[in-house]
Amino acid sequence: IEPTTGSVEASDDHFGTNDVSQSFIYLGHEKGLKLGLTLKENCRFWFQSMTGHRLNEDNYEKCLGQLLMSHLSEQPVKYFSRGQRQRSSLMRFLILPRPIWLMDEPMVGLDSDSKKVLGDMIKQHRAKGGAAIIATHDALDEPSQTLSLDDFQPSLRNESFWA
C-alpha cells in the first residue's frame, strides 16, 4: 500500500481567530449530547467548554429557529428521536463559529426538510468564506469537489504475501 499525504490550510482569517484549535469543529457518529440535559443545557455546555464564555441567548434562539427546534429547547435530549438528536448535534456548527466544518455523515437520521436545512447551513457557511469537509453517502445540493475512495484502492505489490 502506498501512503498518501495531504494537508488542510486555513488562511485569511474571516472568523477572528489565529488559533488553529479554534478553526475546526467536528461532528462524528457520536453526537456529543448529554442525554439527561435539555437541548439548551447541552448548547450552554458546548459553548462554555469550547469558548470559556456564556452562550448568547439571542443567537441560541436564532439557531434553534434555523434548525426548526424551538419547541424542543427545554426538553431532555433523551426523549428526542434520532433525527432530532442529529439536528441537536448540528446546533454546535451554528452556535460555535468555526471556519472549517468537519462532518461525518451529517444527514443520517434527517428527514427531507432537515436535509434542506443542513444544505442551507452549508451554503451560508461557505458564503461567509467557510469550508465544509463532509464524508457522506448522500449527494449534496451544493457545488463541491468529490473525492471517491475508489481512486484510492490499496494495491498489492507482493501477492505471495497473502498466500
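The values are calculated or read from the model by the stated rules, or taken from the named source; none is laboratory data. Model, not experiment: these values are computed from the prediction. When we count neighbours, we look across all protein chains shown, and the Cβ atoms used for this are built from the backbone with ideal geometry, even at glycine. Each accessible area value is taken on the protein alone, full model and side chains, heavy atoms only, with ligands, DNA and RNA left out. Shrake-Rupley method; radii C 1.70, N 1.55, O 1.52, S 1.80 Å.
Computed quantities for the displayed model
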item	result
Accessible area (Å², per residue) of the stretch 36-150, counting only protein heavy atoms and a probe of 1.4 Å	55
Heavy-atom accessible surface of the stretch 49-97: percent carbon and sulfur, 1.4 Å	49
Cβ-derived FRET efficiency at R0 30 Å, N59 paired with F24, nearest 0.05	0.90
Fully extended contour minus Cα-Cα distance, from F45 to K128, at 0.36 nm per residue	27.3 nm
